[in-house]
Amino acid sequence: MDMSDIRKFNMEELLSKLKETRRDHMDLRFKKASMQLSDTTEIKKIKKDIAKLETRLTELRFLKGESSD
């Protein structure tokens, strides 16, 4: 996922995409633990996607003036 694609999302889309990506990360971890995951680099890639989504959410919250409680 590219940052330019992420910047096109609004707040609700970002939150839903983040929830979906975290669910995918959990599934990949379970597959790795049960030795069903053949490409373990997927975990690293999805963690980076989560970080990008969270960064964009922080940017939007900062622009709106919200505090991160």
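The values are calculated or read from the model by the stated rules, or taken from the named source; none is laboratory data. All of these numbers come straight from a predicted model, not from anything done at the bench. Here the Cβ positions follow ideal geometry from the backbone for every residue, glycine too, while neighbour counts run over all protein chains shown.
For beta carbons closer than 8 Å, sequence separation of 6+ or different chains, a first residue in the stretch 42-69 that is within 21 Å of LYS31 (Cβ to Cβ) and a second that is of a type in the set (A, V, I, L, M) and at pLDDT 95 or above, the qualifying pairs are GLU42/LEU28; ILE43/LEU28; ILE46/LEU28; ILE50/LEU18. Taking the listed residues LYS31, LYS47, the one that is charged (D, E, K, R), assigned to a helix (DSSP H, G or I) and surrounded by 15 or more Cβ atoms within 10 Å (Cβ to Cβ) is LYS31, with no other qualifying.
Looking at LEU18, LEU37, which is the one that is assigned to a helix (DSSP H, G or I) and either surrounded by 13 or more Cβ atoms within 10 Å (Cβ to Cβ) or hydrophobic (A, V, I, L, M, F, W, C) (or both)?
On the way: LEU37 fails: assigned to a helix (DSSP H, G or I).
Sole residue among the options that is assigned to a helix (DSSP H, G or I) and either surrounded by 13 or more Cβ atoms within 10 Å (Cβ to Cβ) or hydrophobic (A, V, I, L, M, F, W, C) (or both): LEU18.
Comparison of GLU20, GLU54, GLU66 shows that the only residue that is of a type in the set (Asp, Glu) and modelled with pLDDT under 95 is GLU66.
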